[in-house]
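> Sharing a structure with you now.
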Amino acid sequence: MGANTSHISDLSENKNLQNLIGTESISENDPFWNQLISFTFTSPTNSADAKLLEEAIIPLAKILIENNPRTGNFGALVRIFLSRTKELKISTECQDQLFIWQAHNALFMIRCLLKVFISQMTEEDLHLQFSYQQREPGTCTSDTEDLLEEMMCNLVHLIIDVPLLDITYSILFEAVTTLLILLSYQLFHKEILRDSVIYKFLIQGRCLPLTSRLVKTLLYNFIRQEKCPPPPTHIFEPQTDGGGLFYGLASGVASGLWTVFTLGGAGSKPTPDQEPHLPLSNQSLLLLLVLANLTDMLDSPNPFRQAIMSFKNTQDTSSIPTSHPHTFQINFNSLYTALCDQQKSDQATLLLYTLLHQNTNIRTYMLSRTDMENLVMPILEILYHVEDRNSHHVYMALIILLILTEDDSFNRSIHEVVLKNITWYSERALTEISLGSLLILVVIRTIQFNMTRTRDKYLHTNCLAALANMSAQFRSLHQYAAQRIISLFALLSKKHNKVLEQATQSLRGPFGTEDNSSLPDYAQDLNVIEEVIRMMLEIINSCLANSLHHNPNLVYALLYKRELFEQFRTHPSFQDIMQNLDMVIGFFSGRLEQAGSDLSVERVQEVIKQGAVALPKDRLKKFPELKFKYVEEDQPEEFFIPYVWSLVFNSGVGLYWAPQGIELFSMDSG
């Protein structure tokens, strides 16, 4: 093929590209197309390389936009691609790499041009670019087919029908990426798009019957985690018998466009952090999340969301009919394993949240697993490293915990799982601890981090709700977990006193005006802190009322810091709940006094264990069971659509968008 390496700067002088974007129509039967799409290329795998490529393509694409209404050459390129893909499945079965190679190259060119088109024109104008055809005397054209819709259906068919092999990896990646690009109009609009030609083709058009197969394939792409095969430099080397058509065609046009781009390929080896080794898996997951979060259209609910809500386990043999039109079956065990392995990425955590929240089959399956620690531990690690994560990733991890803690069997079973030597937990060496106690430690740490840094009420609420859901099932709490529960209460108490003092001082100060709007909002701060204190007291009370005899370490910590609770005994907001704590503290204090002075820690714990059996539980006031359920807020798309697109923007493989053109979110929101 020759050892020449083309550079991006050569694109503007390239004769074939000049003909494509020029003023002359090129017939679809012209040998030119074979020359144009016969080149060897390694796609950019990072945004820096993608930026260089796009900057070189923009001036060429602008000329094509100007000339295409007369030449129809862009439509001709699309039809060349469509003709190459018609036999793609057969080509794959026959290992006909030439066909796949050319189809890939045509699609790559279309994808690069579309990327620029979308940043330069409205969706309606883009649709028109597909409708222009060459104007030659005697040419008979048919307007019955919409070329944009046909291309989109073709891409979906390609993704679901062509098997994933080394020789098809690149074209499958391009098909997924091109669909992402087509949907990327949302990036250039501040408001959420609800009416779109492209959405309509997916939600109402010829693509609709393919919905469940597309969702299933994208999920399997994520599950399989296939690595990108090495660049196929050997495919077009001369054959020993002198070549033949296969090599002759390739070598005859090798210098026609690019030989090998110096983009994350032969010319410059990217560093490991630049090159994602699972591009198809990553891109498929991003496309799946974008599709799942498309808004419903009038009379057409989002079919991708319906598919995600309703799919079942391949092991599920029940014959119960489903009312969902797009249901399918998938191997839940494989999906569970992939989700456990991939939680370091925002998008995998968002997928886990989506499945747990929307698909009851998945939720039931996950909660029945006997190895829940494989899923919970990565989620706890996200929360533990809260300062290194963006706020959305932390929210998703926390809401996943909240959804899991809605289930009582989960809350019981996590205290039965014993973990050894948690390496990422650095505050203290934890040689042996239950998953339940570790969960409590991490959630409390998240609350404390939030109190000192972000002061986010939403985060507080969800952390406390998860602890509250678990509280009645606390079992054999680790002494450190019990200490941290009381330490958190001590921190809240200190903060309460400080705010109370500030509020008192500000009220004594001279106002000089009737307008109180300039006053610091201490009342609001005080209200929030008192809500949190109340919640903490309810959590402690719930544990004491339901499982005191299982938690001597909590009683010990409570007695050790009993003076903390004195000030709240007569406080009108806490009086009722304090009666129970008072009774427990009083009962055990009396038992310890009877046991004598200068007791060892072991003796104190022994007295507590004996007292737990003797405590008259009927004297404890009954309170409603603490149960919180996660409910999405109204118009969840206002949160999720910008979030999903920020993930595409930041972690789409080989994709780059100029930040100044993005309207959907601010650049620091991801």
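The values are calculated or read from the model by the stated rules, or taken from the named source; none is laboratory data. Being a predicted model, the structure only gives us computed values, none of them experimental. Here the Cβ is made from the backbone with ideal geometry for all residues, glycine too, and neighbour counts use every protein chain on show. SASA here: full protein model, heavy atoms, side chains in, ligands and nucleic acids out. Shrake-Rupley method; radii C 1.70, N 1.55, O 1.52, S 1.80 Å.
> Have a look at Phe99, Phe39 and point out the one that is of a type in the set (A, V, I, L, M, F, W, C), on the phi < 0 side of the Ramachandran plot and free of Cβ contacts under 8 Å to residues at least 60 places away in the same chain.
Phe99
> If we scan the stretch 65-74, do we find a residue that is open to solvent by 50 Å² or more (accessible area, probe 1.4 Å), under 34 Å from the mean Cα position of the chain (by Cα) and not hydrophobic (A, V, I, L, M, F, W, C)?
No.
> Helices (runs of 4 or more DSSP H) wholly in the stretch 1-117 with at least 2 residues that are at pLDDT 90 or above and out of contact with any Ser or Thr (no Cβ under 7 Å at 6 or more places or on another chain) - which ones? Walk me through it before giving the result.
Working: elements: 15-21, 32-36, 47-71, 73-85, 88-93.
It comes to 15-21, 32-36, 47-71, 73-85.
So that you can scan it fast, the table gives a plain yes or no per residue for (1) acidic (Asp, Glu); (2) loosely packed, with under 11 Cβ neighbours inside 10 Å; (3) within 28 Å of Leu464 (Cβ to Cβ):
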{"residue": "Glu633", "(1), (2), (3)": "yes, yes, yes"}
{"residue": "Glu637", "(1), (2), (3)": "yes, no, yes"}
{"residue": "Trp645", "(1), (2), (3)": "no, no, no"}
{"residue": "Phe649", "(1), (2), (3)": "no, no, no"}
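> What is the one condition in (1) assigned to a helix (DSSP H, G or I); (2) at pLDDT below 95; (3) under 24 Å from Ala482 (Cβ atoms); (4) open to solvent by 50 Å² or more (accessible area, probe 1.4 Å) that Arg428 does not satisfy?
Result: Arg428 passes all but (1).
> Looking only at residues that are more than 17 Å from Val417 (Cα to Cα) and of a type in the set (S, T, N, Q) in the stretch 434-450, which one is surrounded by the most Cβ atoms within 10 Å (Cβ to Cβ)? I'd like the intermediate steps shown before the answer.
Here is the first cut: in the stretch 434-450, the ones more than 17 Å from Val417 (Cα to Cα) are 443-450.
Retained after the next criterion (residues that are of a type in the set (S, T, N, Q)): 446, 448, 450.
Values: Thr446: 24, Gln448: 16, Asn450: 18.
Filtering the stretch 434-450 for residues that are more than 17 Å from Val417 (Cα to Cα) and of a type in the set (S, T, N, Q), the one surrounded by the most Cβ atoms within 10 Å (Cβ to Cβ) comes out as Thr446.
> Still on this model: With respect to Asp125, is the statement that it is farther than 16 Å from Leu214 by Cα, at pLDDT 95 or above and open to solvent by 60 Å² or more (accessible area, probe 1.4 Å) true?
Criteria met by Asp125.
> Ok, one more. For the stretch 585-605, does any single residue satisfy the condition of being surrounded by fewer than 18 Cβ atoms within 10 Å (Cβ to Cβ), among the hydroxyl-bearing types (Ser, Thr, Tyr) and not in a loop (DSSP other than H, G, I, E, B)?
yes
> Search the stretch 451-476 for residues being without any contact (Cβ under 8 Å) to a residue 24 or more places away in the chain and in a helix (DSSP H, G or I), and hand back the single one that is least open to solvent (accessible area, probe 1.4 Å).
Ranking the qualifying residues of the stretch 451-476, first place goes to Thr461.
> Does Asn333 qualify as being surrounded by fewer than 16 Cβ atoms within 10 Å (Cβ to Cβ), part of a helix (DSSP H, G or I) and not aromatic (Phe, Trp, Tyr)? Talk me through it step by step, then tell me what you get.
Working: surrounded by fewer than 16 Cβ atoms within 10 Å (Cβ to Cβ): yes; part of a helix (DSSP H, G or I): yes; not aromatic (Phe, Trp, Tyr): yes.
For Asn333, the condition - surrounded by fewer than 16 Cβ atoms within 10 Å (Cβ to Cβ), part of a helix (DSSP H, G or I) and not aromatic (Phe, Trp, Tyr) - is met.
> Please identify the pairs in which a residue from the stretch 65-84 that is touching a residue at least 60 places away in the same chain (Cβ under 8 Å) has its Cβ atom under 6 Å from the Cβ atom of a residue that is among the aliphatic types (A, V, I, L, M) and buried (at least 22 other Cβ atoms within 10 Å of the Cβ), counting only partners at least 6 apart or on another chain.
Every condition considered, the pairs that remain are Asn73/Leu20; Val78/Met151; Phe81/Ala106; Phe81/Leu107.
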